[in-house]
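The block underneath contains the structure these notes are about, expressed in structure tokens.
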Amino acid sequence: MIDIVSSIRKLNREGQTLAIASVINTWKSSPRPVGSALIISENGEMTGSVSGGCVEGAVVKKALEIIKSQKAEVLHFGISDADAWEVGLSCGGALDVFVQPFYPKEIWNDMDELLKQDEGFMLLSTLEENPQYSIVKANGESIGAAFEKSLLPELEQAFYEGDSKVLSSGNHFVQVFSKRPVMLLIGSAHITVELTELAHMFGFETLMIDPRATFASKTQYKEKPQTIHIQWPQEVLPNLKLDKNTYAVILSHDPKIDDEALKILLKSKVAYIGALGSRKTHAKRIERLKEYGFSSEEIDGIHAPIGIDIGSKLPREIALSVMGEVIKVKNGGR
């Protein structure tokens, strides 16, 4: 839903009455994952998607009714049958969509403030005609309606995994709003220039580390990394939150820089470590890391040669292959 926030802000400024439709359950080959959302205004304007076009028409029709009635409803869509005009999913999947009047003003204002601060949180909604809402922060603090504390373990798991879902109670839907992912760029180079632009396009925060002042300050960026440290990795990395929201890309091609970063990153909980270099270069890197005391299992956590194999040669092509691999890992691949 984060990708449609700007549209929500615009429609709210215009004073339009809204409904929001959220995918809450999917089965088999559903075109959109749980948590996908569609915003519908009173004049039929819509932003987002719940099915990639298969059932949007029916959802919008119901949403316009709900804007008038102010009563939420769960809709179920399954496989299209012989009637080619029946609303359904030709992909063979099924999904449930919760269509509701847009969140109460006070709830949205609190959500919007947390989104602006890039604070991760969850929105807990009851699946009923008049939903109750609770905003639950990462530390367990909540805003809004009270809820049973027995739900906390499931909420904590959902937040950790980043998975929106219907809780086992069957009557609560939790939507997870994770912090923006961070791309950690070790080394300023031509590939860094291209990769920074792609990272911003896909909603990543970017942080670049390179102790070589000439490289870090003279590189001609189209879009500069949001944070630049002209320092050694070992001076910066210990002060960062290196968690599953961080994706590290090693690009300096200088073992004095790259190895110092890897010594710290391999002991951290970052979601991804990729290192530039040929198989021969990586073989030498493996030898050095083993001398530093790292096991083969730990070293296997490095994606090298970096990126998806698309026959990349140019910096932009290599950056694209790296971005593809990062997104693959972010979406649950390896």
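What the table below lists for this structure:
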| read-out | value |
| --- | --- |
| The chain: DSSP helices with Cα axial extent of at least 20 Å and average Kyte-Doolittle hydropathy no lower than -0.5 | 315-330 |
| Relative contact order %, segment 105-177, counting alpha carbon pairs below 8 Å whose residues are six or more apart | 31 percent |
| Relative contact order computed over the chain (Cα-Cα under 8 Å; 6+ residues apart), in percent | 11 percent |
| Hull volume in cubic angstrom per residue (convex hull over the Cα atoms of the chain) | 168 Å³ |
| Hydrodynamic radius by Kirkwood, which averages 1/r over all alpha carbon pairs of segment 110-178, in angstrom | 12.0 Å |
| Integer Hz, Karplus 6.51/-1.76/1.60 couplings in order for segment 30-46, x for Gly and Pro | 6, x, 10, x, 4, x, 4, 9, 9, 9, 10, 8, 4, 9, x, 5, 9 |
| Overall form of segment 182-330 per C-alpha gyration tensor (a/c, 1.5; a/b vs b/c) | rounded |
| Nearest-20 debye value, the chain charge dipole, Cβ charges on Lys, Arg, Asp, Glu | 1060 debye |
| Segment 244-295 versus segment 185-214: alpha-carbon centroid distance in Å | 17 Å |
| Links that overshoot a 29 Å alpha carbon limit, given the list K165/K241; K116/K328; K61/K149; K280/K313; K165/K330 | K61/K149 |
| Kirkwood Rh and Cα Rg combined as Rg/Rh, segment 90-223 | 1.13 |
| 222 nm mean residue ellipticity, helices alone, for the chain (DSSP H n ≥ 4; -39,500 (n - 2.57); rounded to 500) | -10000 deg cm²/dmol |
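Read-outs: derived from the displayed coordinates by stated rules, not from any lab. Since the structure is predicted, the reported quantities are computational estimates derived from the model, not experimental observations. Every residue, glycine among them, receives a Cβ derived from its backbone with ideal geometry; neighbour counts consider all protein chains shown.
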